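Structure first, then comments.
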Amino acid sequence: MHRKILQAAIVAVLVTGLLSPLGNVQASSTGTLERVARDRSTTAIAFTPADCQAAIKILTQYERLANKLGIRLSPTRIRQLDRKRANRTISTDDLPAKLRRKFPGYFKGRSLRDIAQQCFVNYGIGEQYTGYV
């Protein structure tokens, strides 16, 4: 019950445009997300396009990178990670420690969807993982 109330409050805040976790994205009257122009000179961005690319790469190519670093992942663990990647809910918390160490600090603990949305809004990177398409 508390979860539904919290979700409703978050949606209300996003629709009114009072606060957007995606920076310059607001919900429109039709229920879709739209980019809203903002003055970039007043907003400091704490991550670079290289951070975005590295974070998305690690979260989407974990199996290849694990093999390259000599990390053994069981078939069960690979299936779990594949399922989370398909849902775009995979985060650094799901990865082996060696891959977590290589992850950009700004994005630690965030899901692939959140990272892709922030990177797309600020740099146009990762659109296919945002859920917009």
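The values are calculated or read from the model by the stated rules, or taken from the named source; none is laboratory data. In this text the structure is predicted, and so the values were computed from the model without any measurement. Reconstructed Cβ throughout: ideal geometry from the backbone, glycine too, with neighbour counts over all protein chains shown.
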Hey, any hits in the stretch 85-98 for a residue that's acidic (D, E), more than 14 Å from P49 (Cα to Cα), out of contact with any Asp or Glu (no Cβ under 6 Å at 6 or more places or on another chain) and in contact (Cβ under 8 Å) with a residue 60 or more places away in the chain? no
Test: F47 is modelled with pLDDT under 90, surrounded by 11 or more Cβ atoms within 10 Å (Cβ to Cβ), within 11 Å of the chain's Cα centre (by Cα) and not in a strand (DSSP E or B): no
Can you tell me which residues in the stretch 66-101 are under 28 Å from A46 (Cβ atoms) and in a loop (DSSP other than H, G, I, E, B)? R88, T89, I90, L95, P96
Enumeration of residues in the stretch 102-120 that are surrounded by 20 or more Cβ atoms within 10 Å (Cβ to Cβ) and in a helix (DSSP H, G or I): F107, L112, I115, A116, Q117, Q118, C119, F120
